[in-house]
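Asker: What follows is a structure written as structure tokens; I'll ask about it next.
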Amino acid sequence: MIAVEKALEQYGAPIYVRHEIVHNKYVVQTLEKKGAIFVDVTAEVPEGSIVMFSAHGVAPTVHAEAAERKLATIDATCPLVTKVHKEAVRYAKEDYDILLIGHEGHEEVIGTSGEAPDHIQLVDGPEDVANVEVRDESKVVWLSQTTLSVDETMETVDALKSKFPNLLSPPSDDICYATQNRQIAVKKLAEDAELVIVVGSKNSSNSIRMVEVALDAGAPAAHLVDFASEIDEAWLEGVTTVGLTSGASVPDVLVDGVLEWLAERGYADVETVKTADESITFSLPKELRRDLRAEAAALSAE
């Protein structure tokens, strides 16, 4: 969100964004009001314009399409996603079969697969493992969509290792730290809460996973809402303790809105459950330090 706001401030509207910058309805609506235009394909962006690639990343073919249309680009891909892309390229060069654990159709999966389409096959959960075939069982590696549930990912990895004992793991954990920390925290919430509310959008993979994690951890009920207005008061019947968390890309104002809604209904005592300190920060895209309007004009004049 900050990257799009900075681009609008620096270059003025419109700034085109390929797919939602993050999967959150409020963030998208807020940015649209400020002059961001979200598009599904690069062909929708007028020549000579500025286009930003979302945090989920894009395939190399998308960069090529942007160059062909003479677009100035801002790459806001999450560094953790970029890391997975680089791993995919490296293992493909070493001629590994790459098993990408993720959900079919998700923007991040499409982008990562595009880095090495001849070497990558998608594994959409443990039940999909039976369908996996590789050329050489001694040269197989797994990679993961960064916003999955840690438990879900490792369940799939365990199933793959049973089938391919020589399966290689990536050099480090690729699950987004913000996603992982929230999953750990929601497990803690589920121990004491009769109801867990997750603030996040229904197209947000990490938000959906947190509802599942809460239920798997023993919460009697868990629901996903974008706004406080979506909470059903019937959910509160017989509930003495409510657990509240949010997706990784959810603005604090939405969580505060739910806290106010709950306080008005007798849930005014708030206790913070802290399971990790998040000190990691990512810098803004390097393109925001250049004059992209001038670059776009020069490109379209060629």
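Asker: Could you give each residue of segment 129-140 its phi-based ³J(HN,Hα) in whole Hz, using Karplus coefficients 6.51, -1.76, 1.60 with θ = phi - 60°, and x for Gly or Pro?
Answerer: With coefficients 6.51, -1.76 and 1.60, one gets 4, 4, 8, 7, 10, 10, 6, 9, 5, 8, 10, 10 Hz.
Asker: Another one. Quick one: if you stick a label point 7 Å off each Cα along the C-beta vector at Thr82 and Val270, how many nm between them?
Answerer: Modelled inter-label distance: 3.4 nm.
Asker: Still on this structure, I have one more. Taking only protein heavy atoms into account and a 1.4 Å probe, give the accessible area per residue of the chain in Å².
Answerer: 48
Asker: Using just the helices of the chain, give the 222 nm mean residue ellipticity in deg cm²/dmol: DSSP H runs with n ≥ 4 each add -39,500 (n - 2.57), and the total is spread over all residues, rounded to 500.
Answerer: After summing the helix terms and dividing by the residues of the chain, the value is -11500 deg cm²/dmol.
Asker: Still on this structure: Please list the non-local residues whose amide H lies under 5 Å from the amide H of Ile101, H modeled 1.01 Å from N, same-chain partners needing a gap of 5 or more.
Answerer: Those qualifying (amide H under 5 Å, at least 5 residues apart or on another chain) are Val123, Leu143, Ser144, Gln145.
Asker: Grab the other residues whose beta carbon is less than 15 angstrom from that of Tyr96, score K and R as +1, D and E as -1, and report the net.
Answerer: Spelling it out: positives minus negatives among the neighbours equals -4.
Asker: So what's the net charge close to Ala43: Lys and Arg +1, Asp and Glu -1, counting the other residues with Cβ under 12 Å from its Cβ?
Answerer: -3
Asker: Report in % the part of the accessible area of segment 53-138 that belongs to carbon and sulfur, leaving out ligands and nucleic acids; probe 1.4 Å.
Answerer: Of the solvent-accessible surface of segment 53-138, carbon and sulfur hold 49 percent.
Asker: What's the ranking of 5-12, 74-81, 92-99 by average number of surrounding C-beta atoms within 10 Å, highest first?
Answerer: Put in order of decreasing packing, that is 74-81, 92-99, 5-12.
Asker: Here's a follow-up. Using a 1.4 angstrom probe on heavy atoms only, work out the carbon and sulfur share of the accessible area of segment 194-243 in %.
Answerer: Heavy-atom surface of segment 194-243 belonging to carbon and sulfur, 1.4 Å probe: 51 percent.
Asker: Using the per-residue mean of other Cβ atoms lying within 10 Å as a proxy for protection, in what order, highest first, do the peptides 152-159, 183-190 fall?
Answerer: Descending packing order for the listed peptides: 183-190, 152-159.
Asker: From the square roots a ≥ b ≥ c of the eigenvalues of the alpha-carbon gyration tensor of the chain, which class results: rounded (a/c under 1.5), prolate (a/b over b/c), or oblate?
Answerer: oblate
Asker: If you add up the charges near Thr240, with Lys and Arg at +1 and Asp and Glu at -1, over every other residue whose beta carbon is less than 12 angstrom from its beta carbon, what do you get?
Answerer: -4
Asker: Now a separate question. Mind ordering 57-65, 107-115 by average Cβ neighbours within 10 Å, highest first?
Answerer: My ranking of the peptides, most packed first, is 107-115, 57-65.
The values are calculated or read from the model by the stated rules, or taken from the named source; none is laboratory data. Here the structure is a predicted model, which is why all the values come from computation and not from measurement. Cβ: placed from backbone, ideal geometry, glycine included. Neighbour counts: every protein chain shown. Ligands, DNA and RNA are stripped out before the accessible areas are found, and what is left, the full protein with its side chains, is counted by its heavy atoms. Shrake-Rupley method; radii C 1.70, N 1.55, O 1.52, S 1.80 Å.
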